[in-house]
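No lab work stands behind these numbers, since they all come straight from the coordinates. Here the structure is a predicted model, which means the values were calculated and not measured. Counting neighbours? That spans all protein chains shown, and the Cβs are built from the backbone with ideal geometry, glycine included.
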There are 2 protein chains.
Amino acid sequence: MKELITELLAGNRRALARLLTIVENKREGVDEALALLFSHTGHAWIIGVTGAPGTGKSTLVNALARAYRAQDKTVGIIAVDPTSPFSGGAILGDRIRMQELAGDSGVFIRSMATRGHLGGLARTTRDAVRVMDAAGFDIVLVETVGAGQSEVDIVRTAETTLVVEAPGLGDDVQAIKAGILEIADVLVVNKADRPGATNTVRSLKTMLELGHRAARNQFHHGQLLQPAPSGDTIDLWMPPIIQTVASENRGTAELVAAIEGHRRYLTDNDLLEQTERRHIEIELYDRLRDELMLRLLDVVPEAMLTDMIDKIQAREMDPQRVVELLLAQLPSP
Amino acid sequence: MKELITELLAGNRRALARLLTIVENKREGVDEALALLFSHTGHAWIIGVTGAPGTGKSTLVNALARAYRAQDKTVGIIAVDPTSPFSGGAILGDRIRMQELAGDSGVFIRSMATRGHLGGLARTTRDAVRVMDAAGFDIVLVETVGAGQSEVDIVRTAETTLVVEAPGLGDDVQAIKAGILEIADVLVVNKADRPGATNTVRSLKTMLELGHRAARNQFHHGQLLQPAPSGDTIDLWMPPIIQTVASENRGTAELVAAIEGHRRYLTDNDLLEQTERRHIEIELYDRLRDELMLRLLDVVPEAMLTDMIDKIQAREMDPQRVVELLLAQLPSP
């Protein structure tokens, strides 16, 4: 394993691919690998890209990758598909991309589909990002479909999060959700040459301004709201709205500049450490939850668990009561 | 609290509203309330409705509610918005619906936005469904936006899950995801009077058939795959595709029939108990995870936790090592 890590750090692509597979499939040695490479992480700028199906995220990510390559930065791409139980979709997308960015040794693409249980994908993504980070990529792009909790979890890995919209994806009250404000550092209206783009931009702007005002008043914790480490309050980050036509490479330069602007905002205001700390806390809590559960299942007899589930199903006991009884199996502090 | 539950069981609407608020805000007495009403649950048919923004889910849910009312069934609606940090959106949607279904005492609508931490919404939704179930509603409709993990978690409460699509919501490879197969019992193509409806239906059909074949070959556990309790294998449920124009109430009768078909499939094949059991297991595990974490935080000194996070941030320790050290604080079995 040490050898493999040494090869990874030296820029060996086969070592990178092997480590990503180990991480993705939670193969033997995964913990050792992550422990060994951890001290080499923290250098990449991690950009999360999320948005509904049909917004053209993949094309946008490819355009971004090319733009960063033109700046001579190396780019790792992790395309996560939390909705696919099959790897087919991911592999298809992968091939299309491979063709576009093929032959460039400064880009590495990895697609991941759903594996295992709840929350598992966020953890796997985080670990995969770490492998790419240790491998020395300047930029790691994490792309994921949708706008649900899994995407929120996945982009929690990122320093800068792009939320991608496109005109005409829906016209009801729910089409543009206030929720995007919570995770977006930069808003992208892709396919901006389509009819309705101006409306989409206007609606997003209104939502942003409303959210910004609400945030100023409420001042709770969240990605948007950053009391400065100095104790002062600083200007909240106002997510810019960038229009792009990724398929024709229009707007990419502006988008790269907006991402750079967000990066400067974080670094100039000493917010980077704080952001990282929040990410670490979330990760630690996730891991602890999983481990604690495994420990409990070690001490609770299988028959007891089955019996309790029977009792809940028969409505003889409520779930909370069962939780208390099961926890009583643990040694008391 | 006992009095409140008695009123709920007697059909008192104010008691219902109060209990939903207690559950949603996790107010004092929530555990007691849920324990008291639990033995009165298990009678409602719970229908999950999910789909991307713009598919017209709310209109569809309203149409379904009217159809069930015409059959003289009482209907509870829980509209969950996992993406909204504000309750504004939910309240707006609520008002539009209230006007449509107002004055009918056989319908009760509750909107819920994001509260608190990760996974909290799935738990709150499950508890709210339980309150409505105990209140005696024949049908409980749980509506949620999107197609991510939070939606999957939320519809795990349901006996029948509808996944709503609409024509023209996107045209790239990702537009129609294989992931829907995992949770859909019935597929709805709403806004079926729009151009492209035939294509949407055809694409969904292809995906379904592919998934069905893959499922037959793989035979892992999942909502689609039901080895019979008898030990025989039975025909897998093949989700029907129903076209609707909810705004004009077209296709609603067919949709109600499809839902009824799924219900019969579950009951005729003795799969209902099995489905419920899986839901109970998921719930129990979720609750245990949360409680275990609270217990750990009780025994780990605050200063130790902070110090460990510092060490991770300084790359002096990797997260897995810290997890091991923190767990060592617990009394060993």
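What the table below lists for this structure:
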| item | result |
| --- | --- |
| Gain on full stretching of the segment that runs from A:Gln329 to A:Thr198 - 0.36 nm per residue minus C-alpha separation | 41.1 nm |
| Positive minus negative residues near B:Leu8 (Lys, Arg vs Asp, Glu; Cβ under 12 Å) | +2 |
| Per-residue average of Cβ from other chains inside 10 Å of B:293-303 | 2 |
| Shielding score for A:281-289, defined as the mean number of other chain Cβ atoms within 10 Å | 6 |
| Pair B:Arg14, A:Ser39: separation of 7 Å Cα→Cβ label points (nm) | 6.8 nm |
| Local net charge near B:Ile78, Cβ-Cβ under 9 Å (Lys/Arg +1, Asp/Glu -1) | 0 |
| Packing-based order for B:292-298, B:243-249, using average beta carbon neighbours within 10 Å, highest first | B:243-249, B:292-298 |
| Formal net charge of residues neighbouring B:Thr200 (Cβ-Cβ distance under 10 Å; K, R +1; D, E -1) | +3 |
| Spin-label model distance (nm) - A:Arg263 vs A:Met1, 7 Å beyond Cα toward Cβ | 3.2 nm |
| Qualifying GluC sites (Glu not before Pro) for the stretch B:1-72 [loop in DSSP, other Cβ within 10 Å: at most 15] | B:Glu28 |
| Unsatisfied cross-links (Cα-Cα over 25 Å) in the set B:Lys2/B:Lys73; A:Lys73/B:Lys311; A:Lys311/B:Lys2; B:Lys2/B:Lys57 | B:Lys2/B:Lys73; A:Lys73/B:Lys311; B:Lys2/B:Lys57 |
| Contour minus Cα-Cα distance for B:Arg278 and B:Ser247 (0.36 nm per residue) | 7.6 nm |
| Amide proton proximity set for B:Gly48, modelled H, under 5 Å, gap of 5+ | B:Val142, B:Glu159, B:Thr160, B:Thr161, B:Leu162 |
| The stretch B:269-333 versus the stretch A:253-322: alpha-carbon centroid distance in Å | 8 Å |
| Number of partner chain Cβ atoms within 10 Å, mean per residue of A:265-277 | 1 |
| Sites A:Asp104 and B:Glu316, calculated FRET efficiency, Cβ-Cβ separation with R0 30 Å, nearest 0.05 | 0.25 |
| Ranking of B:Thr41, B:Thr161 by count of other Cβ atoms within 10 Å, fewest first | B:Thr41, B:Thr161 |
| Amide H contacts of A:Ser111 (H built 1.01 Å from N, under 5 Å, at least 5 apart or other chain) | A:Ala79 |
